[in-house]
Amino acid sequence: MGFMSRWEPNARGRLELAALELYSERGYDQTTVAEIAKRAGLTERTFFRHFADKREVLFYGAGMLQQRLVRGIDEAPAGLAPIDVVGTALEAATELFGERTAMAQQRQAIVAANPELQGRELIKLAALAVALADALRARGVPDPAASLAAEAGVAVFKIAFQRWASGTVERPLSQVIGESLAELKTVTAGN
């Protein structure tokens with residue numbers, strides 16, 4: 001194997017792609033960090049500069065998503081109901097997914113096939129709900145409305161993302177989120 005330079009452009013992206021390929025080919029449990037680094041043409045040390053462990057390759061974007069959602073709540077127009085504030089933030093945050101539909105589908109299949117990863121995803125979603133509730137409270141939304149809107153918003157995001165990433169719908173994620181939010185409102189209307 002040739003010399004690996006200390007700095008490689010887009011190392012994080014290369015590691016993510018290598019991990020997705022290996023997890024799909026061999027399974028999450030059968031893949032090692034060393035194999036991911038080798039496939040990416042990098043060292044294990046480089047891997048650990050970017051990710052705490054092999055799970056985080058699948059979840060590293062959670063922090064960016066949380067920041068974007070909190071900013072979306074802060075920037076939402078005044079006068080909206082709390083659930084609509086969250087819905088506006090969710091739809092705006094879909095810009096983070098850009099042209100990553102194929103990668104999202106691959107990632108979702110890997111997570112769905114592994115109970116450990118499903119648990120990790122639930123932990124990340126719970127942290128997201130806490131951050132959304134805090135942002136709503138900062139807007140002046142009292143509890144329990146802030147917590148309920150945040151938890152409902154995370155449920156809408158989870159279900160919409162799973163539908164979108166499953167490949168069964170061919171609409172943009174923002175539209176699937178809007179549809180899921182409308183469905184939630186229908187379900188809770190009690191008519």
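Just a few scattered comments:
- Boolean, Val169 is in the same structural domain as Ala113 (by TED's automatic domain parsing) and surrounded by 20 or more Cβ atoms within 10 Å (Cβ to Cβ): no
- Residue list for the stretch 176-189, filter: surrounded by fewer than 17 Cβ atoms within 10 Å (Cβ to Cβ), at pLDDT 90 or above and among the small types (Gly, Ala, Ser): Ala182
- Looking only at residues of the stretch 99-115 that are part of a loop (DSSP other than H, G, I, E, B) and in contact (Cβ under 8 Å) with a residue 24 or more places away in the chain, we find that the one that is surrounded by the most Cβ atoms within 10 Å (Cβ to Cβ) is Asn114.
- Condition met for Ala126 (surrounded by 15 or more Cβ atoms within 10 Å (Cβ to Cβ), assigned by TED's automatic domain parsing to the domain that holds Ala152 and either at pLDDT 95 or above or over 14 Å from the mean Cα position of the chain (by Cα) (or both)): no
- Verdict on Leu173 being at pLDDT 95 or above and within 16 Å of Gly87 (Cβ to Cβ): no
- Every residue from the stretch 40-77 that is charged (D, E, K, R), outside any loop (DSSP other than H, G, I, E, B) and within 17 Å of the chain's Cα centre (by Cα): Glu56, Arg68, Arg71
- Condition met for Gly153 (touching a residue at least 12 places away in the same chain (Cβ under 8 Å) and over 21 Å from Val57 (Cα atoms)): yes
- Failed criterion for Gln118 (all others in (1) more than 27 Å from Ser24 (Cα to Cα); (2) surrounded by fewer than 17 Cβ atoms within 10 Å (Cβ to Cβ) hold): (1)
- Taking the criterion of being closer than 19 Å to Glu179 by Cβ and of a type outside the set (Gly, Ala, Ser), the residues of the stretch 66-95 that qualify are Leu69, Leu80, Ile83, Asp84, Val85, Val86, Thr88, Leu90, Glu91, Thr94, Glu95.
- Residues that are surrounded by 16 or more Cβ atoms within 10 Å (Cβ to Cβ) and modelled with pLDDT of 90 or more, drawn from the stretch 58-83: Leu58, Phe59, Leu65, Gln66, Arg68, Leu69, Val70, Gly72, Ile73, Ala76, Pro82, Ile83
The values are calculated or read from the model by the stated rules, or taken from the named source; none is laboratory data. Note that the structure is predicted; figures quoted are calculated from it, not measured. Cβ: placed from backbone, ideal geometry, glycine included. Neighbour counts: every protein chain shown.
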